[in-house]
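The values are calculated or read from the model by the stated rules, or taken from the named source; none is laboratory data. Predicted, not measured: the structure shown is a model, and the values here were computed from it. Ideal geometry is used to build each Cβ from the backbone, glycine not excepted, and the neighbour counts take in all protein chains shown.
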Amino acid sequence: MNVKMYKLAWESDLVSEQKYILLALVYLAEEDGYTVYGPISRIAIQTNMSERNIQRKLEMLEQLGWVEVAEEASHHLPRVYKIKNPTETVNGGL
């Protein structure tokens, strides 16, 4: 888990469901702290939300600059998400 992203997620002004999903993504992230391999069903179970609700909230998080799709899903593999820091994008990495 990326402690920096965990703190940013908690301190964000996201609405509760978006924040909860972002925190779940941060928790599920690989050793690099940003890459999340895992089906939406896993996030749904972890957050006790429907898969469709997770999909909608992930789309919102993507629009807000918190996540991006790093790899599209294939026949046997789920999408890969990359957690981002939207303040770094806006401020040019500062």
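Evaluation of Tyr34 against the conditions (1) surrounded by fewer than 16 Cβ atoms within 10 Å (Cβ to Cβ); (2) more than 15 Å from Gln18 (Cβ to Cβ); (3) of a type outside the set (Gly, Ala, Ser) shows that the sole unmet condition is (1). Annotation: of all residues in the stretch 58-94 being in a strand (DSSP E or B) and out of contact with any helix residue (DSSP H, G or I) (no Cβ under 8 Å at 6 or more places or on another chain), the one that is modelled with the lowest pLDDT is Glu71.
Restricting the stretch 34-87 to residues that are of a type in the set (Ser, Thr, Tyr) and under 11 Å from the mean Cα position of the chain (by Cα) leaves a set whose member that is farthest from Lys4 (Cα to Cα) is Tyr37. Within the stretch 1-56, the set of residues being closer than 20 Å to Thr87 by Cβ, among the hydrophobic types (A, V, I, L, M, F, W, C) and not in a helix (DSSP H, G or I) comprises Met1, Leu14, Val15, Ala29, Val36. Among the residues here, Met1 does not qualify as surrounded by 15 or more Cβ atoms within 10 Å (Cβ to Cβ) and not acidic (Asp, Glu).
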